[in-house]
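Student: Have a look at the structure that comes next, please.
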Amino acid sequence: MAKNQQLSGARAKMGFIRDGQVHYVGIFSDVSYGVTYGVEPSFILGRHSAAGLTYTYMDTVHVTANGFRVVDHGWFADAGFPSLSQLMDFEDYTIVVQDRQTLKTIAVIEGVKPTAATGGFSARQLSTSTHTYVGMLVSDESQPDNVEGRGAMSLPS
């Protein structure tokens, strides 16, 4: 029988790389991420339509993770949110999404900072939390080294 190549939520797991190790977090029921590329048209005299399209930037990676609220495993413990006293020294981390069946890394989001968290309670429902993050770069199993091209500048250290 052929191995199923269709990835499902039951096969995916999400974790954070901190201190050089992946720490998988079992509180998330869904995670979504996306990136937008900026494309600008070039308009020239003597033409009614654009003469060309040029990539001008890649926006930051936006990540949303929803999960179940577990006592003693809140935003500051498992979801990677810094406390106020940690904001000045907070170091970016990496989010990893892995396929449990093939053990392939499906997504790597680098340079991640947590940005927002919400939670709530309803009668006769499990308590949930929503966490949002912003990252610098995203790679997947088909493009594992999604990095800047040669000659790209960086902020000074």
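Student: If you compute Cα extents along the principal axes in Å for the structure shown, which of [x] 89, 35, 28; [y] 65, 55, 37; [z] 77, 25, 24 do you land on?
Tutor: After the calculation, the listed value that fits is [y].
Student: What translational diffusion coefficient, in µm²/s and rounded to a whole number, does the Stokes-Einstein relation yield for the range 54-116 at 20 °C and a viscosity of 1.002 mPa s, taking the hydrodynamic radius as the Kirkwood radius over Cα pairs? Please report the intermediate quantities before stating the final value.
Tutor: Working: Rh = 14.2 Å.
After rounding, the answer is 151 µm²/s.
Student: What relative contact order, as a whole-number percentage, does the chain give when Cα pairs under 8 Å and 6 or more residues apart are counted?
Tutor: Relative contact order here is 22 percent.
Student: If you scale each eigenvalue of the Cα gyration tensor by 5 and take the root, what three semi-axes come out for the range 78-157, rounded to whole angstrom and sorted largest first? Intermediate values should be presented prior to the final figure.
Tutor: Details: eigenvalues 169, 92, 18 Å².
Three semi-axes, in Å: 29, 21, 9.
Student: With springs connecting C-alpha atoms under 10 Å apart, model the chain as a Gaussian network and identify which of Met88, Met58, Met136 has the largest mean-square fluctuation.
Tutor: Met88
Student: Would you list Glu91, Glu110, Glu40 from fewest to most Cβ contacts within 10 Å?
Tutor: Glu91, Glu40, Glu110
Student: Can I ask one more? So which chymotrypsin sites (Phe, Trp or Tyr not before Pro) in the range 56-89 pass both tests, a DSSP loop state and at most 15 other Cβ atoms within 10 Å of the Cβ?
Tutor: Values: sites: Tyr57, Phe68, Trp75, Phe76; in loops: Trp75, Phe76.
Within the range 56-89, the qualifying chymotrypsin sites (Phe, Trp or Tyr not before Pro) (loop, at most 15 other Cβ atoms within 10 Å) are Phe76.
Read the figures in this text as sums done on the coordinates, not as results from a lab. Bear in mind the structure is a predicted one, so any value in this text is a computation, not a measurement. Heads up, the Cβs are rebuilt from the backbone with ideal geometry, glycines too, and the neighbour counts pull from every protein chain shown.
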